[in-house]
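A short worksheet on the structure shown next.
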Amino acid sequence: MKTRNQFFAEISKGLDVSKIDLNNLNRAELIELAYALDWNGTWEDDEEGQPPISKKELIEAISNIVNQ
């Protein structure tokens with residue numbers, strides 16, 4: 001599993017995030033990648049009782065960041 005620091009290092013060296021197969025990353029790796037991309041999402045249950053973000057929602061959020 002890649003850590004946030006590993007993703008930071010890769011991104012700072014010019015990593016083409018759009019070439020990462022997001023579907024092959026597990027939920028924890030997707031969260032680390034989202035943090036590395038500076039996305040401030042809600043990862044776990046929030047105060048309004050919403051369920052934790054799903055893998056599908058993480059992939060969508062990361063794709064939106066990359067495609068901006």
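Brief remarks follow.
- Packing around the peptides 17-24, 56-63, 1-8, 31-38, taken as the average count of other Cβ atoms within 10 Å per residue, puts them in this order, highest first: 31-38, 56-63, 1-8, 17-24.
- Inter-label distance, residue 19 to residue 68: 2.3 nm, where each label sits 7 Å from its Cα along the C-beta direction.
- Share of Cα-Cα pairs in the chain lying beyond 19 Å, as whole percent: 28
- Label zone at residue 55, where the point sits 7 Å out along the Cα-to-Cβ direction: region 1-15 residues whose backbone N lies under 18 Å: 1-3
- Comparing 58, 17, 39 along the charge dipole axis of the chain, the residue lying farthest to the positive side is 17, per the Cβ-charge model.
Every number in this text was worked out from the coordinates using simple rules, so none of it is lab data. Worth saying up front: this structure is predicted, and the values here are computed from it rather than measured. All Cβ positions, even for glycine, are placed from backbone atoms using ideal geometry, and neighbour counts span all protein chains on display.
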